[in-house]
Amino acid sequence: MLSKRPEAVSAKRSPVAAFRLVVLLAGLTLASCSSYDNSAIDVAVVGNAGDPFEEGTRLAPAGQLVRAATAEGLVAFDEAGRVIPALADRWIVTDDGQSYIFRLREGNWPDGDPLTADSARKAIRATLKDLADTPLALDLGGIDEVRAMAGRVIEIRLNRPMPYLLQLLAQPELGLDHDGRGAGPMTVTRSGKVAALTRIEPSRLGLPIIENWAQRTRKVQLHALPGPAAIEAFNEGQVDLVLGGQIQDFMLTRSVGILRGTIQLDPVIGLFGLQVMRDKGFLADPANREALAMAIDRPALIAPFGVGGWSPTTRIVTPSLDGDLGTIGERWGEQSLEDRRAVAAARVRGWLAGQGGGAPGTPVALHVWLPEGGGSRLLFDRLLADFATIGVRLEKAANADGADLALVDDVARYPRAAWFLNRLSCRARRGLCSPEADARVAEAAIAPSPAERAALLTEAEAELTATNVFIPFGTPIRWSLVRGSVDGFATNAWGWHPLMPLSWLPK
């Protein structure tokens with residue numbers, strides 16, 4: 001049971017992210033406390049009760065937050081999504097971009113063993129081995145060798161430049177263990193369903209002593225709750241912050257009153273659309289799969305949510321990223337929605353005729369999986385209406401494994417085409433895939449120049465687009481609820497909100 005916290009009473013203006021919530025955020029003011037104590041800050045993360053205590057390489061958001069707080073890597077993220085020192089206090093990159101040299105801070109692992117280049121090298125190699133069967137391993141595929149150069153100097157050699165290596169090393173999955181334990185910077189204890197996290201005093205980490213440490217920090221109490229329960233807990237003053245909000249629960253945020261806090265939207269990019277799960281029946285033909293993509297009115301899909309500035313796209317890779325050659329544009333740009341639907345409907349009729357028809361007007365039936373929630377019901381209703389215009393009847397599936405189509409809603413870890421292509425690769429095992437596209441990505445990994453790599457990744461996107469195994473909608477939606485008394489939170493492009501900055505008491 002969450003303990004109820006008093007509502008805040010004074011005002012403070014919220015920062016605005018790259019895109020705004022129409023009506024709800026306009027002119028919104030926050031409440032903030034006039035005085036503070038060192039009581040814990042209560043944070044709810046949308047998910048299931050056991051998420052903070054997960055182990056392994058495929059963690060839910062709450063598990064990722066705990067992992068990042070208790071087992072930092074060479075580098076980490078601050079609240080604004082910037083890479084900051086962690087186990088490494090400084091680093092350099094060689095001119096060719098193929099060697100990153102890190103100097104580790106002075107200090108020990110939790111068991112008292114010294115933090116050395118050799119122990120860190122072993123930890124990094126073990127972590128990379130654990131990630132071998134995940135899509136993240138594809139992102140890290142440019143790592144050639146990890147070397148201990150001196151007592152506290154470690155080198156990561158690459159077989160190709162990786163401009164976003166630091167962002168990858170800051171991911172929670174790259175947190176390092178020594179004898180099964182991470183080096184902080186926080187410790188976690190379990191109290192029922194609550195993960196209580198406490199900052200480790202800096203001198204124990206080999207960092208400078210901070211005066212009045214106990215008076216400047218507080219615990220973070222992490223609760224993993226289903227979306228509706230998290231929003232209710234926020235409205236009741238039981239939690240100060242809600243993280244990990246996605247589209248299925250977004251409409252419930254309208255219950256947040258002006259004195260309780262504000263809704264913050266992260267300016268993220270990523271994959272948001274339908275994965276084709278099987279190639280049977282109607283879905284066996286890529287042209288039929290394209291017909292489904294042609295039928296969708298993307299701006300109207302998000303209109304009920306009232307999110308201004310949302311970016312619809314028919315591309316798999318978010319347009320205008322670093323390395324985008326600009327040779328792949330939006331699909332069907334010369335056709336109106338009505339024209340697209342006419343072409344799509346003709347394909348549906350042609351397929352039905354080839355199957356022996358059936359009763360006149362009998363639609364193709366497909367099953368789609370969407371996560372539970374009011375936002376998903378709105379999405380389903382829009383897709384139901386869109387597909388009906390071409391003679392396809394949409395029904396709900398109980399789970400993704402039994403579906404013809406399944407929602408994919410992932411935030412990009414770094415802003416390059418490779419992330420999108422790796423997440424839809426055959427190795428990711430999400431549904432239908434394209435071995436030909438994977439082959440182009442593999443060729444790009446060993447291409448000798450940035451221009452050749454970009455050209456091969458563009459070919460991979462074109463190949464994957466032609467197979468129509470993924471039907472993109474646009475950018476994902478990520479939201480948080482933030483009380484005015486909360487410091488240490490900022491919207492950012494990764495949608496990542498670490499717990500460490502929240503543990504400082506506001507000044």
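What to note about this one:
- Neighbour-count order for ARG430, ARG90, fewest beta carbons within 10 angstrom listed first: ARG90, ARG430
- Local electrostatic count, THR94, Cβ distance below 11 Å [Lys/Arg +1, Asp/Glu -1]: -2
- Hits among aspartates and glutamates - C-alpha to C-alpha of LYS193 under 16 Å, sequence gap 8 or more where chains match: ASP42, ASP51, GLU54, GLU55
- The alpha carbon gyration tensor of the stretch 270-472 gives principal lengths a ≥ b ≥ c with a/c of 1.5 or higher and a/b greater than b/c, which makes the shape prolate.
- Pairwise FRET efficiency - ILE200 versus ARG315, Cβ, R0 = 35 Å, nearest 0.05: 0.20
- Helical contribution to [θ] at 222 nm, DSSP H n ≥ 4, -39,500 (n - 2.57), averaged over the chain, rounded to 500: -7500 deg cm²/dmol
- Within the chain, antiparallel bridges make up roughly 75 percent of the DSSP beta bridges whose residues both belong there.
- Global form of the stretch 72-183, assessed from the alpha-carbon gyration tensor, a/c cut-off 1.5: rounded
- Here the Karplus curve 6.51 cos²θ - 1.76 cosθ + 1.60, taken at θ = phi - 60°, turns the phi angles of the stretch 493-498 into couplings of 6, 9, x, 10, 10, x Hz, with x standing for Gly and Pro.
- When VAL153, VAL411, VAL276 are arranged by Cβ crowding within 10 Å, least crowded first, meaning fewest neighbours, the order is VAL153, VAL411, VAL276.
- For the chain, the membrane-span-like helix rule (DSSP H, alpha carbon extent of at least 18 Å along the helix axis, mean Kyte-Doolittle at least -1.0) picks out 117-130, 337-354, 374-388, 450-467; this says nothing about an actual membrane.
- Estimated dipole of the chain in Debye, rounded to 20 [Cβ of Lys and Arg +1, of Asp and Glu -1, Cα centre]: 840
- Each of HIS367, HIS223 was scored by other Cβ atoms within 10 Å of its Cβ. Arranged with the fewest first, they read HIS367, HIS223.
- For the chain: rounded, prolate or oblate by the Cα gyration tensor [a/c cutoff 1.5]: oblate
- Under 18 Å from LYS280, Cα to Cα: aspartates and glutamates that are on another chain or at least 8 residues apart: GLU290, GLU395, ASP401, ASP404
- Applying the criteria of a DSSP loop state and at most 16 other Cβ atoms within 10 Å to the GluC sites (Glu not before Pro) of the stretch 150-223 yields GLU211.
All of the numbers you see were taken from the coordinates with simple rules; none came from a lab. Here the structure is a predicted model, which means the values were calculated and not measured. Heads up, the Cβs are rebuilt from the backbone with ideal geometry, glycines too, and the neighbour counts pull from every protein chain shown.
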